[in-house]
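Engineer: Quick one: structure below, then a few questions.
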Amino acid sequence: MKTAYFDCFSGISGDMVLGALVDVGVPIDAIQQAVDSLGLPDCRLEAREVRKNGFRATQVVVHTPREHHHRHLHHIVEMIRRSSLCESAKEQSIKVFTRLGEAEARVHGVPLEKVHFHEVGAADSIVDIVGSVFGLNYLGVEAVYASPIPAGGGTVRIAHGEVSVPAPATAELLRGVPLLPCDVQMEMTTPTGAAFITTFAQEFGPLPAMEIQKIGYGAGSRDIPHRPNVLRLFIGEIARPRETSASVLRDRIWVVQTNYDDLSAEVLGYTLERLWELGVLDLFTTPIHMKKNRPGVQLTVLCNEELVPAVESLLFRETTTLGVRFWPVDRHVLPRQVASVKTRWGEIRGKLRVLPDGAQEFSPEFEACREIARGHQIPLREVYEAAEEAFRQHGVWKKESEHPSPSS
């Protein structure tokens, strides 16, 4: 799966994105043709190689006449609709501008259709966004990831006066995005950059496991002391998840993990009980060998994303851990449901699972088998064998739930 990762260590702006895309091989002439189809008068793109604190990068400069009017969203949408862009690039470009408009509408307390696009409605900003969307489509990018974003500091002058960084619209766009601390007193991330990356990036974090094919550097217009003002772009391949049977369920869960070498068995046992009460999908411990030749234990919890904060809070509160690791994982789950078989001792509950080829298997529930074994004073193994034989001979006696929640 063709993947783009934007390393925003010096922030992100529309011209930096455009420069990085040109640097990895998107022809500037192809972008120029796409821009020409927008109907913007006398708009010319120029790509030049520059140095930023010793690093080579591509800077794209948009030459356009000074404009004295502002555009509304519908003006820009009409412009994009009439262009020669492919349908996916049109829809993606409109999505970026709509996201920008919604942020401006929240900031100014006006309906979306009343929003005036000031700086971001200027020809150069339109070119930056549409050209960048065109570039992703040209490269065939299917997935976009990004690093945490530095907003910058100080103040910036916008159409409504001088405001602190991040500018109000940029701050709205960066809701829910992890930000990097930054002591640079300038605007590191612009509204166009924020709108672009928050529209496309599906996750913000470290570089994903990918086969890197190309690396590009897009230059910002300003120079920053002690920091190269560039946006680094990785283009590569992430292995596409293997195809599964239509009967196999696919979802994403989270792994939460930590290590201990100083936690008592009693506290660990209590912690496991509390974790089950939270509703985690599964948990287990693994003996490990830690520093200073200390034996330890690794605790691993599997849960849905919404439970991660609660699991982390419980581990910090109840145990001696100083740090918790967590990451998302994809999983494939066989459909299953609660069912029962009928034996000479009565009903035995268990799980009925459906294999990819349609075959069914029944697993007796331990608690149900133990209850019968104790009540009739017979070996537990004999009860298991009887339940499995009952399923082979007669199938399940009854099903209690058609759509149970899969665990691990």
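Engineer: Suppose R0 equals 45 Å. What FRET efficiency, 1/(1 + (r/R0)^6) with r the Cβ-Cβ distance, do Ala310 and Arg44 give to the nearest 0.05? All intermediate terms of the calculation are to be shown ahead of the outcome.
Structural biologist: On the way: r = 55 Å, r/R0 = 1.23.
It comes out at approximately 0.25.
Engineer: Kindly provide the pair-distance distribution of region 249-333 built from C-alpha pairs, with 5 Å bins from 0 and whole-percent values in order of increasing distance.
Structural biologist: Spelled out bin by bin, region 249-333 gives 3, 14, 27, 25, 16, 9, 5, 1, 0 percent.
Engineer: Just to be sure I understand: with springs between alpha-carbon atoms less than 10 Å apart, which residue in Cys369, Cys182, Cys43 has the highest mean-square fluctuation in the Gaussian network model of the chain?
Structural biologist: Ranking Cys369, Cys182, Cys43 by mean-square fluctuation puts Cys369 first.
Engineer: While we're on this one: For the chain, set up a GNM with springs between Cα atoms under 10 Å and report which of Glu142, Glu306, Glu104 has the largest fluctuation.
Structural biologist: Glu306
Engineer: Could you list, in their original order, any pairs among Lys2/Lys90; Lys90/Lys114; Lys291/Lys351 whose Cα atoms are separated by more than 32 Å? Numbers along the way, then the final one.
Structural biologist: Numbers: Lys2/Lys90 20 Å; Lys90/Lys114 22 Å; Lys291/Lys351 42 Å.
Table pairs above 32 Å Cα-Cα are Lys291/Lys351.
Engineer: Let me ask something else about it. In the chain, if the dipole is taken from +1 on Lys/Arg beta carbons and -1 on Asp/Glu beta carbons about the Cα centre, which of Ala201, Ile215, Ser125 is farthest to the positive end?
Structural biologist: Highest projection toward the positive end goes to Ile215.
Engineer: When a/c reaches 1.5 or more, the comparison of a/b and b/c decides; with that in mind, is region 306-408 rounded, prolate or oblate per its Cα gyration tensor?
Structural biologist: On the way: a/c = 3.31, a/b = 1.76, b/c = 1.88.
It comes out oblate by the Cα gyration axes.
Engineer: Could you give the dipole magnitude of the chain about its Cα centre, charging the beta-carbon of Lys and Arg +1 and that of Asp and Glu -1, in debye to the nearest 20?
Structural biologist: Values: 44 positive and 52 negative charges, 72 e Å.
Using only the charged Cβ atoms, the result is roughly 340 debye.
Engineer: A follow-up question, please. Highest mean first, how do 318-329, 91-102 rank when packing is the count of other Cβ atoms within 10 Å averaged over residues?
Structural biologist: Sorting 318-329, 91-102 by mean packing, highest first, produces 91-102, 318-329.
Engineer: Still on this model: Compute the Cα gyration tensor for region 213-300, then decide on rounded, prolate or oblate, letting a ≥ b ≥ c be the square roots of its eigenvalues: rounded whenever a/c is under 1.5, prolate when a/b is larger than b/c in the other cases, and oblate in all that remain.
Structural biologist: In terms of gyration-tensor shape, oblate.
Engineer: Further, regarding this structure: So how do His226, His74 line up by other beta-carbon neighbours within 10 Å, fewest first? Spell out each step's value before the answer.
Structural biologist: On the way: His226 6, His74 11.
Arranged by neighbour count, lowest to highest, His226, His74 become His226, His74.
Engineer: Would you give the gap between the C-alpha center of region 345-403 and the C-alpha center of region 256-300, rounded to a whole Å?
Structural biologist: Comparing the Cα centres of region 345-403 and region 256-300, I get a distance of 32 Å.
Engineer: Separate question: Any chance you could give the angle, 0 to 90 degrees and rounded to 10, that helix 265-278 forms with the longest Cα principal axis of the chain?
Structural biologist: Roughly 70 degrees, rounded to the nearest 10.
Engineer: With springs connecting C-alpha atoms under 10 Å apart, model the chain as a Gaussian network and identify which of Phe134, Phe366, Phe204 has the largest mean-square fluctuation.
Structural biologist: So, out of Phe134, Phe366, Phe204, the one fluctuating most is Phe366.
Engineer: What ranking of Ile235, Ile28 emerges when the number of other C-beta atoms within 10 Å of each C-beta is taken as an exposure proxy, fewest first?
Structural biologist: Numbers: Ile235 22, Ile28 16.
Ordered by Cβ neighbours within 10 Å, fewest first: Ile28, Ile235.
Engineer: If one computes the Cα centroid of region 149-223 and of region 64-110, what distance in Å separates the two points?
Structural biologist: 19
Engineer: Right, here's the next one. By counting other Cβ atoms within 10 Å of each Cβ, how are Thr189, Thr271 ranked from fewest to most?
Structural biologist: Working: Thr189 29, Thr271 21.
Starting with the residue having the fewest Cβ neighbours, the order is Thr271, Thr189.
Engineer: Can I ask one more? In degrees, nearest 10, range 0 to 90: what is the angle between the Cα axis of helix 191-200 and the longest Cα principal axis of the chain?
Structural biologist: Here the helix axis deviates by roughly 30 degrees.
Engineer: Please determine, in degrees from 0 to 90 and to the nearest 10, the orientation of helix 14-23 with respect to the longest principal axis defined by the Cα atoms of the chain, where the helix direction is its Cα long axis.
Structural biologist: Helix 14-23 and the main axis of the chain meet at about 80 degrees.
Engineer: Return the sequence-ordered ³J(HN,Hα) values of region 101-106 in whole Hz as given by the Karplus equation 6.51 cos²θ - 1.76 cosθ + 1.60 applied to θ = phi - 60°, using x for Gly and Pro.
Structural biologist: Result, ordered by residue: x, 5, 5, 5, 5, 5 Hz.
Engineer: Which entry in [x] 52; [y] 59; [z] 66 is this structure's computed percent of Cα pairs over 26 Å apart?
Structural biologist: Here percent of Cα pairs over 26 Å apart agrees with entry [z].
Engineer: Let me ask you something else. For the residue pair Leu272 and Asp357, what label-to-label distance in nm results when each label sits 7 Å from Cα along the Cα-to-beta-carbon direction?
Structural biologist: 3.6
Engineer: Let me ask something additional. Cβ neighbours within 10 Å, averaged per peptide: list 249-255, 345-351 in order, most packed at the top. Can you show the working numbers first?
Structural biologist: Numbers: 249-255: 13.9, 345-351: 17.6.
Listed from highest to lowest mean packing, they are 345-351, 249-255.
Just so you know, all these numbers are worked out from the coordinates, no wet-lab data involved. Everything quoted here is computed from the prediction, not taken from an experiment. Cβ coordinates were reconstructed from backbone atoms using ideal geometry, including for glycine residues, and neighbour counts include every protein chain displayed.
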